[in-house]
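Beneath this line is the structure, given in structure tokens, with notes to follow.
The values are calculated or read from the model by the stated rules, or taken from the named source; none is laboratory data. Bear in mind the structure is a predicted one, so any value in this text is a computation, not a measurement. Cβ sites come from the backbone with ideal geometry, for glycine too, and all protein chains shown count toward neighbours.
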Amino acid sequence: MGKLEALQQFLTEHGPFAVAVSGGVDSMTLAVVAHRANSETQIFHAISPAVPEQATKRVKLYAEQEGWNLNIVEAGEIEDPQYVANPANRCYYCKTHLYDTLSAETALTIASGTNTDDLGDYRPGLVAAEEHSVVHPYVEVAMSKDQLRDVARTLSLFDLQDLPAAPCLSSRVTTGIAIDADILPVINEAEEALWESLQLYLPLKAVRCRIKPDAISVQIDTPTTLDPEGDYNTEARDVVSRIFSAYGFENYLKSVSIEPYKKGSAFLIETLAVE
């Protein structure tokens, strides 16, 4: 049995589920398969300053195309001082608010887009998932990130199959720096503008605009070697300076560095507070 068939069988036999959808390839693909397997599936999407607007637009577009029973909620994590403090286990507080909200909205078992690749990382959100008896269908059928992208490709979800990883905007803020709800959409706007401008110079896989104390790190994921003398360095700094200045965040412009992409580099696990 192939992975898609195994996933369909699991969702059919154990569903319907309430699928938590962020707008990324993992949860979006799961939502498509789950709803096609059982039309009673409920889809939930939480909006907040940490969720890119393009992710919400993608969810709404698919909801219309697929006929989802879509529920837009606000989990309210941005109002939680423990989340705002941005400790290493920030995701625990985020997911706790999300699953608390969904549990109050539905009697269905919650399903997430966690895949087997996620299990090897430090993922405090999985602790919150366990506390809320959340099911991970990809894990149940031993499906990896690459395999779920293959599922998206098989189902002709071409806009999803190569969608770059897009964790929440709070992940751009270095651990220990308080989450400012006002700066998160600015980060998103800067990344979108950087993508549009830098692709004229480089083949891009991802661009991150990471917030450090009084500084910004533009991280570029490209198969080519970054050239410190390349014109795109000036372009990137100009884009960041223009956008952050427009919203009154000049204090972060004291230093703008251009660096190779490093996954999760704003995350500093050593700052985890012991409760």
_Where a residue in segment 242-254 is surrounded by 11 or more Cβ atoms within 10 Å (Cβ to Cβ) and its partner, wherever it lies, is of a type in the set (Lys, Arg) and at pLDDT below 95, with Cβ under 7 Å and at least six apart_ = none
_Matching entry among ALA37, ALA55, ALA31 (being in the same structural domain as ASP117 (by TED's automatic domain parsing) and touching a Leu at 6+ places or on another chain (Cβ under 7 Å))_ = ALA37
*Determine if segment 208-227 includes at least one residue that is in a helix (DSSP H, G or I) and buried (at least 19 other Cβ atoms within 10 Å of the Cβ).*
no
*Condition broken by LYS60, with the remaining ones in (1) touching a Leu at 6+ places or on another chain (Cβ under 8 Å); (2) touching a residue at least 24 places away in the same chain (Cβ under 8 Å); (3) closer than 24 Å to ASN188 by Cβ; (4) not aliphatic (A, V, I, L, M) satisfied*: (2)
*Qualifying residue in segment 185-193 (condition: buried (at least 20 other Cβ atoms within 10 Å of the Cβ), modelled with pLDDT of 95 or more, under 26 Å from ALA20 (Cα atoms) and polar (S, T, N, Q))*: yes
